[in-house]
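Everything below concerns the one structure shown next.
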Amino acid sequence: MTIRKIGCEGCDNITCPSTKDVLEQDVAKDVKTAFHGVDDRGMSACLFGSGGVCCRNCNMGPCQIIDGVPEMIGICGATAETVASRNFSRAIAAGAAAHTDHAREMVHGFISAAKGQNGNEIKDVAKLHSMAKVFGIETEGRDKNEIALELGEKCLAEFGQQDGTLTMLKRAPAKRQALWEKIGIEPRGIDREVVELMHRTHMGVDQDYQNLMLQGSRCALADGWGASMMSTELTDIMFGTPVPLRSIVDIGVLKEDQVNITVHGHEPLLAEALCMAAQEEDMLALAKKAGARGINLAGVCCTGNEILMRRGIPVAAGFIQQEIVLATGAVEAMVVDVQCIMQSVAEVAKSFHTDIITTNYRAKMEGALHIQFEEEQALASAKEILTHAIGNFKKRGKHYIPESKKLDVVAGFSHETINYIQGGRFRASYRPLNDNIINGRIRGVAAMVGCDNYKYPDDVHEKIAKELIKHDVLVLATGCSATALGRSGLLRPEAAAEFAGPGLAEVCEALGTPPVLHMGSCVDNSRLLIATTQMVAEGGLGEDISDLPVAGTSPVWMSEKAVAIGQYFVASGVYVIFNNLPISGSKKFSKYMLEEHEQLTGGKWDMEADPIKLAQKMIKHIDEKREALGINKKQDRVLFDMDMRRDLGGGPLTGVGCAGPGQ
Ligand code: BF8
Ligand code: SF4
């Protein structure tokens, strides 16, 4: 297939200066991106699909359902609400499956590390001990690897567990746990909930949309409080719990005189191995022999977030720029594993010397080179991949790196970091955050998570975040939303003075933090669950997550993982707003999701296409929660300023961390 000549003139969906810059260059003139793909298709989205009422669950269909038209139910009699809830549930199951399969790989890697088999070590012993406590594992007098092995095996057992409840549910507030038990949505085993949801959405099984959504919630909770949380915690123990560090987000992190390798996907085992291998003498010598000054690794999508958070390695691109970074012609190899890797990257790479290297047997691609990443020989596999990439350096032809738009970011805000920066090492606490919410300096907390989407402008995240912080709402960001906010300059501490309302700006300036805190990848949304639980435990903001002045959004969601995430937040008591949801084809199901669900879990879904209105709805929800808590009036509470914080042993962030290999 030949790539058509397309420029980016007139496309108002692209606002990122680097993206525009690259697409305007001669080197990118033959590159067709998904931005153009949206236009080229020339069709608006199918109304049945968008409304969630196209059923193709059996071969009597596909059946397009028109709500309220008796002849337009499914051939089997399935109603609009049954079909819409089944489709929604299947998205949850698929999203949860992606997260849980990722988590399983991380648990396998963790067990190998504990056995000393893959070159990784147990780095965060304090976190190992705290997780051991959650799982009832004895730590006294035991070697860290022995504890880790028992923890890894117990975690692995949670995937296949058939009865009982997942261990980490007990980290939730007591009131939340009691509610889950009462309505019967406590996950029993991780895999079981995905399988049961797929079964119940099969033709002719669960045809009561409310009953089905209970399983939808149970499956989503198995993702959030089960697999994703497990993945985040074990990854932290193995690779280190993130601490704030400075780095860069932009396509311009590519380097003229180095072998540029972008790492794209999700599971950090591969990325960590590449980071280690890229610092080995033999690899650096090979790069020099090829005429390069070094090896420059740069992240894309959630892998980018993982290595940014833990190593300060720059992020070249979020989901929406994965083709653009290749269009520079300056990438020797894009190494990919699983999830969110568009097939189009193989086509774009054909115009250049770039190789797309698939590394996981679960995810191969026509036109890509496959080098299997063997987790138990992690370093050797990583070196094989790097060797191939280095071999491409001499073949680099005409290229363009947009170096002038690079933006500094501070990332690495794990839940532990938030605890620490507020209270110091010895009095780590959420008390200052709760106090600042109670006294009104911080109005509330908003989670911005999830994807980019080529159907929408690339500045939606920025618009929403600016509106939120302007109204003193602290933003916690993950996934490609966090990358987008980094591109917009909102992950810099200076952004507080530039864009935040006076209360939030005062708090951020005292702590030295940005008004938007980067908390990691998509699986790291589990950090947000723990952060909200801590806010409840600290006191003064109610007894459950549903009492907190918090709200969540994935404003331009793309992946089914975002649906699973949204549902586990809703089932945890959070108000979650997306730009759209595939539910509008059923009045009953829409009413249930947007209004009635709140009576069940205290959380609910909402929709709003306009970014500013979406932010305002989040603020309105936060204000309603403040009103219910009786903290809607300004109170004269003490702000923990810099001096007080120093006394506590904390202090503002300094320019710690590295900016990646070769710096
Ligand atoms: O898991 S935010 S586009 S990269 S799905 Fe994908 Fe969405 Fe990005 Fe990460 Ni999450
Ligand atoms: Fe149609 Fe029912 Fe088959 Fe769905 S399950 S395709 S509604 S007949």
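The values are calculated or read from the model by the stated rules, or taken from the named source; none is laboratory data. The structure displayed is predicted, hence computed values, not measured ones. As a convention, Cβ positions derive from the backbone with ideal geometry for all residues, glycine included, and neighbour counts pool all protein chains shown.
Looking only at segment 539-550, filter to residues that are part of a helix (DSSP H, G or I) and either free of Cβ contacts under 8 Å to residues at least 40 places away in the same chain or not polar (S, T, N, Q) (or both); which one of those is nearest to LEU407 (Cα to Cα)? In this case the residue turns out to be ILE545. Among the residues examined, LEU468 does not qualify as within 30 Å of THR33 (Cα to Cα) and modelled with pLDDT of 95 or more. Residues being within 16 Å of ligand 1 (Cβ to nearest atom), in contact (Cβ under 8 Å) with a residue 24 or more places away in the chain, touching a helix residue (DSSP H, G or I) at 6+ places or on another chain (Cβ under 6 Å) and assigned to a loop (DSSP other than H, G, I, E, B) are entirely absent from segment 61-68. Picking from residues in segment 123-170 that are of a type in the set (Lys, Arg) and either surrounded by fewer than 19 Cβ atoms within 10 Å (Cβ to Cβ) or out of contact with any helix residue (DSSP H, G or I) (no Cβ under 6 Å at 6 or more places or on another chain) (or both), the one that is nearest to THR232 (Cα to Cα) is LYS123. Taking residues in segment 39-56 that are farther than 12 Å from SER586 by Cβ and more than 12 Å from ligand 2 (Cβ to nearest atom), and partners anywhere that are at pLDDT 95 or above and among the β-branched types (Val, Ile, Thr), the pairs with Cβ atoms closer than 9 Å and at least 6 places apart or on different chains are LEU47/VAL53. Only one of the numbered conditions (1) surrounded by fewer than 22 Cβ atoms within 10 Å (Cβ to Cβ); (2) touching a Gly at 6+ places or on another chain (Cβ under 9 Å) is violated by ALA114, and that is (1). Regarding VAL445, is this residue surrounded by 23 or more Cβ atoms within 10 Å (Cβ to Cβ), more than 16 Å from ligand 1 (Cβ to nearest atom) and more than 19 Å from CYS301 (Cβ to Cβ)? Yes, satisfied. Contact map, segment 199-218: residues that are more than 16 Å from VAL563 (Cα to Cα) and in contact (Cβ under 8 Å) with a residue 60 or more places away in the chain paired with residues that are among the aromatic types (Phe, Trp, Tyr) and within 15 Å of ligand 2 (Cβ to nearest atom), Cβ distance under 8 Å, separation 6+ or inter-chain. Pairs shown: TYR209/PHE589. Restricting segment 475-512 to residues that are surrounded by fewer than 24 Cβ atoms within 10 Å (Cβ to Cβ) and in a loop (DSSP other than H, G, I, E, B) leaves a set whose member that is nearest to ligand 2 (Cβ to nearest atom) is SER488.
Residues are listed down the side, and each one gets a yes or a no for (1) in contact (Cβ under 8 Å) with a residue 60 or more places away in the chain; (2) among the aliphatic types (A, V, I, L, M); (3) more than 17 Å from ILE341 (Cβ to Cβ):
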| residue | (1), (2), (3) |
| --- | --- |
| PRO268 | yes, no, no |
| ALA273 | yes, yes, yes |
| ALA277 | yes, yes, yes |
| GLU280 | yes, no, yes |
| LEU284 | no, yes, yes |
| ALA290 | yes, yes, yes |
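Residues in segment 69-87 that are of a type in the set (A, V, I, L, M) and either more than 8 Å from ligand 2 (Cβ to nearest atom) or assigned to a helix (DSSP H, G or I) (or both) were compared, and the one that is surrounded by the fewest Cβ atoms within 10 Å (Cβ to Cβ) is VAL69. Annotation note: of GLN207, GLN177, GLN258, the sole residue that is surrounded by fewer than 22 Cβ atoms within 10 Å (Cβ to Cβ) and within 16 Å of ligand 2 (Cβ to nearest atom) is GLN207. Of the residues making up segment 348-399, those that are part of a loop (DSSP other than H, G, I, E, B) and of a type in the set (A, V, I, L, M, F, W, C) number 5. Residues satisfying the criterion are present in segment 363-382 (criterion: farther than 24 Å from ASN305 by Cβ, at pLDDT below 95 and among the polar types (S, T, N, Q)). Here is a check on your reading of the model: is ALA91 assigned to a loop (DSSP other than H, G, I, E, B) and either at negative phi or within 11 Å of ligand 2 (Cβ to nearest atom) (or both)? No.
Against the conditions (1) in a loop (DSSP other than H, G, I, E, B); (2) charged (D, E, K, R); (3) in contact with a helix residue (DSSP H, G or I) (Cβ under 6 Å, 6 or more places away or on another chain), GLU272 satisfies every one except (1).
I'd like the full set of residues that are among the charged types (D, E, K, R) and within 15 Å of GLN322 (Cα to Cα), limited to segment 344-372. Once the filter is applied, which keeps residues that are among the charged types (D, E, K, R) and within 15 Å of GLN322 (Cα to Cα), segment 344-372 yields GLU347, LYS350, ASP355. Would you be able to say whether some residue in segment 516-538 is at positive phi, surrounded by 23 or more Cβ atoms within 10 Å (Cβ to Cβ) and either within 16 Å of ligand 2 (Cβ to nearest atom) or not in a helix (DSSP H, G or I) (or both)? Scanning segment 516-538 turns up at least one residue that is at positive phi, surrounded by 23 or more Cβ atoms within 10 Å (Cβ to Cβ) and either within 16 Å of ligand 2 (Cβ to nearest atom) or not in a helix (DSSP H, G or I) (or both). Every condition in (1) within 16 Å of ligand 2 (Cβ to nearest atom); (2) within 28 Å of HIS266 (Cα to Cα) is met by PHE589 except one, and the failing one is (2).
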